[in-house]
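Data first, discussion second: the structure below is written as structure tokens.
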Ligand SMILES: Cc1cc2nc3c(=O)[nH]c(=O)nc-3n(C[C@H](O)[C@H](O)[C@H](O)COP(=O)(O)OP(=O)(O)OC[C@H]3O[C@@H](n4cnc5c(N)ncnc54)[C@H](O)[C@@H]3O)c2cc1C
């Protein structure tokens, strides 16, 4: 299908004063994709299979554990944006698959489950997220509840196919009928009997898992790299159990599911260099060093996107850390920060989607 939204060119020049004026720019991360299949996974979860045209293949490359952001039409607000983890594996699957579970009284998840069918066209942002193993050649402990299984399936398949370690998955659900990917997980276990183990926990049979029970199950894996995704109370119990078995915080990665409140699909507006005044920014991104005039009231991410630079981001509201970058020198201020903790700030991290300049010269690097 055609994709008519990608109007911003990718920057090519290196280490040069950027010559292009910036006002309002289309968002180069926004694309339309066709749903080629809808798979009913359980009574309240479906998988949406997206075909990626050859022309967009490089933009939609992803790492296991990353997510897509979908635009869902709304009579009240025009649209809402929601993130959905990719359950497909970039090491195995041609198409991109997200899996959506109905949230009781939720707007977007029910809209997607009720309205999307084969041939539907959805507007999405390119893949994003930092909940992804740096290497697949390590032993992995994956802990999921409910729809938290989606990034785990992608990580597990990728690690088993392209990595060398073993994978232990603990997967909690309300009851047998709510287990997503039950048959697929059993098949993968049969294919990799020495490297992949799944322990299911059904609330209907055993109640909610408590810290002691989890500690007993997880004790053998305290040296594994660990990924957790599920409802907040579940993740709290899991974290206490991991602390009890002596797992270091550095090994623990958490994905928190929440609904976005802003509009990451919106066009980008940047201030006027003359009217607002500006700082000088040097930004290292995707192996390039660029120099930019940074209008005082413009967020760094908006500036970069408006110039066509392919900066990473997801929520554009200071709530995820997909756009995190390091201030090497100079000073910036974040207009909002709901995700970076004190240790991150001490390390010089900032959120590009919220950072405006304070000092006259700022040097910033994105770690790729
Ligand atoms: C990185 C990431 C990955 C994700 N991956 C997945 C995934 O793979 N699969 C998946 O199913 N989900 C995933 N999610 C969650 C998903 O993005 C949505 O948050 C989820 O589908 C609920 O959205 P909704 O619009 O249906 O619910 P919402 O309408 O946002 O409602 C959510 C809850 O808030 C309540 N609520 C809504 N409005 C109000 C209000 N005004 N006042 C009080 N309460 C209110 C609702 O009753 C409901 O319980 C992910 C989230 C993130 C951030």
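Each value in this text was obtained by applying a stated rule to the coordinates, not by laboratory testing. Bear in mind that the values here come from a model prediction, so they are computed numbers and not experimental data. In this analysis, Cβ positions are derived from the backbone assuming ideal geometry, glycine residues included, and neighbour counts consider all displayed protein chains.
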Counting every C-alpha pair in region 140-255, the percent lying more than 21 Å apart is 31
Given 243-249, 280-286, the highest-first ranking by average Cβ count within 10 Å works out to 280-286, 243-249
Along principal axes, largest first, the alpha-carbon spread of region 268-365 in whole Å comes out as 35, 27, 24
Shape descriptor, region 70-195: equivalent ellipsoid semi-axes (Cα gyration tensor, sqrt 5λ, whole Å, largest first) stand at 29, 17, 13
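Can you give the convex hull volume per residue for the Cα atoms of region 55-103, as a whole number of Å³? Could you put the intermediate results ahead of the total?
On the way: hull volume 4.9 nm³, N = 49.
Measuring per residue, one finds 100 Å³ for the Cα hull of region 55-103.
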Rounded to the nearest 5, the percent of antiparallel DSSP beta bridges in region 112-268 equals 0
Residue-normalised 222 nm signal for the chain, counting each DSSP H run of n ≥ 4 as -39,500 (n - 2.57), nearest 500 deg cm²/dmol, is -5500 deg cm²/dmol
Projected onto their principal axes, the Cα atoms of the chain stretch, largest extent first, over whole-Å spans of 66, 48, 37
With the convex hull built on the alpha-carbon atoms of region 15-125, volume per residue in Å³ sits at 149
Nearest-0.05 FRET efficiency for residue 361 and residue 134 at R0 = 22 Å, using Cβ-Cβ distance, is 0.10
Note: probe point = Cα of residue 219 + 7 Å toward Cβ; backbone nitrogen < 18 Å; residues of region 231-245 passing the test are 238-245
Log10 I(q)/I(0) at q = 0.23, 0.29 Å⁻¹ for region 222-281, from Debye over equal alpha-carbon scatterers, is -0.96, -1.19
DSSP beta bridges in the chain: the antiparallel percent, rounded to 5, is 65
Inter-part gap, Cα centre of region 214-254 to Cα centre of region 325-368, in whole angstrom, is 29
Mean Cβ-within-10 Å packing, highest first, puts peptides 59-67, 97-105 in the order 59-67, 97-105
Descending packing, highest mean Cβ count within 10 Å first, for 74-80, 135-141, 150-156 is 150-156, 135-141, 74-80
